[in-house]
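What follows is a short report on a single structure.
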Amino acid sequence: MQIGRLMRHAAATHWRTRMLFPAATLDAIEQAIARVEKTHAGEIRFAVETGLTPLHILNGMAPRARALEVFGYLGVWDTEHNNGVLVYVQLADRAVEIIADRGFRGRVSSAEWEAVCRLMEEHYRAGRFKIGSIAGVDAIGELLTRHFPPNLEGPARSHNQLPDRPTLL
């Protein structure tokens, strides 16, 4: 399986990523994040990675482990109230992972995050990357609104702590 995975990642191209996530899709995801962040006290970050390096593959790095690295790399952990959420899409492995900061512990269950990942993956399998991404952002927004209501009076909503624009890695 490692050889097949290595070949799949080596064959993954940034050109294909740009085809699946063109500027219009990135704009729509950015707008969805900005819209839902008005309804809760969390911060959402969205990252799409084409494929992993051969060294990552040979070391057996799973998409979840890479998502944790990206969480740190993008500074999602660095919010005032530890309320950052990373949506990590890994195209070569066809995986979606959600990493939530410690401020969500006890508020949103891993089963709820998994349900959002499966929703997005279902859309992606059908080739609906824009719709699937927005559906995922909306579902996360609903979870955060329910479990992490907005702090309309405090400094948490006075500024956007993380960029809303999706990152292509």
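What follows is calculated from the coordinates using simple rules that are stated; it is not laboratory data. No experiment lies behind these values; they were computed from the predicted model shown. Neighbour counts run over all protein chains shown; Cβ positions are idealised from the backbone, glycine included.
Quick rundown of the values:
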quantity: Segment 107-131 versus segment 18-96: alpha-carbon centroid distance in Å; calculated: 13 Å
quantity: Cβ-based charge dipole, segment 71-131, positive-most Cα from ILE131, THR79, SER109; calculated: ILE131
quantity: Two-site FRET efficiency, ALA115 against THR39, from Cβ-Cβ distance with R₀ of 22 Å, rounded to 0.05; calculated: 0.70
quantity: Inverse of mean 1/r across different Cα pairs in segment 1-156, Kirkwood, Å; calculated: 16.1 Å
quantity: Distance (nanometres) between label positions extended 7 Å along Cα→Cβ at GLU142 and GLU122; calculated: 1.1 nm
quantity: Exposed trypsin sites (Lys or Arg not before Pro) absent - longest run of the chain, DSSP non-H/G/I/E/B, at most 13 other C-beta within 10 Å; calculated: 106-169
quantity: Residues with amide H under 5 Å from that of LEU168, placed H, sequence gap 5 or more; calculated: VAL48
quantity: Segment 45-120, relative contact order [Cα under 8 Å, separation at least 6], %; calculated: 32 percent
quantity: Over 16 Å [Cα-Cα, segment 33-105], rounded percent; calculated: 50 percent
quantity: Gyration tensor verdict on segment 76-166 (Cα atoms; rounded if a/c is under 1.5, prolate if a/b is larger than b/c, oblate otherwise); calculated: prolate
quantity: Amide H contacts under 5 Å for THR39, placed H, 5+ residues apart; calculated: none
